[in-house]
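Trainee: Quick one: structure below, then a few questions.
Computed from the coordinates by the stated procedures, all read-outs in this text should not be read as laboratory data. Computed from a prediction, not measured in an experiment: that's the story for all the values here. Glycine gets a Cβ as well: all are built from the backbone with ideal geometry, and neighbour counts include every protein chain shown.
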Amino acid sequence: MKRLVALAVGAFGVRALLRRRAHGVEPADELRARLAANRPGESPEPEPEPEATAPDEPLDGVDARRADVHARARQAIDELSS
């Protein structure tokens, strides 16, 4: 029974591979085309840079978590270096 299931799955995989080849588009070529279309240097309008938050402003969400992770990492590095 296991061999029959393995044979069926293998047959479907070979069929999908042959279908993809018949279309003439390789997955790597498709990926290269999408990456080339999304390169940041090719956009007509430059995106504005995110504003830096001043140390006085309260941090929220991701920024607070990032600051906490960095503080803990600095503390761990200080402990390891001493």
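Trainee: Would you mind computing, in nm to one decimal, how far apart the modelled labels at Ala8 and Arg32 are, each placed 7 Å from Cα along Cα→Cβ?
Mentor: 3.9
Trainee: Shifting gears a bit: Tell me, what is the FRET efficiency for Asp68 and Ala22 to the nearest 0.05, using R0 = 41 angstrom and their Cβ-Cβ distance as r?
Mentor: Working from the Cβ atoms, E equals 0.20.
Trainee: How high is the FRET efficiency between Asp60 and Arg15 when r is their beta carbon distance and R₀ equals 35 Å, given to the nearest 0.05?
Mentor: Plugging the Cβ-Cβ distance into 1/(1 + (r/R0)^6) gives 0.10.
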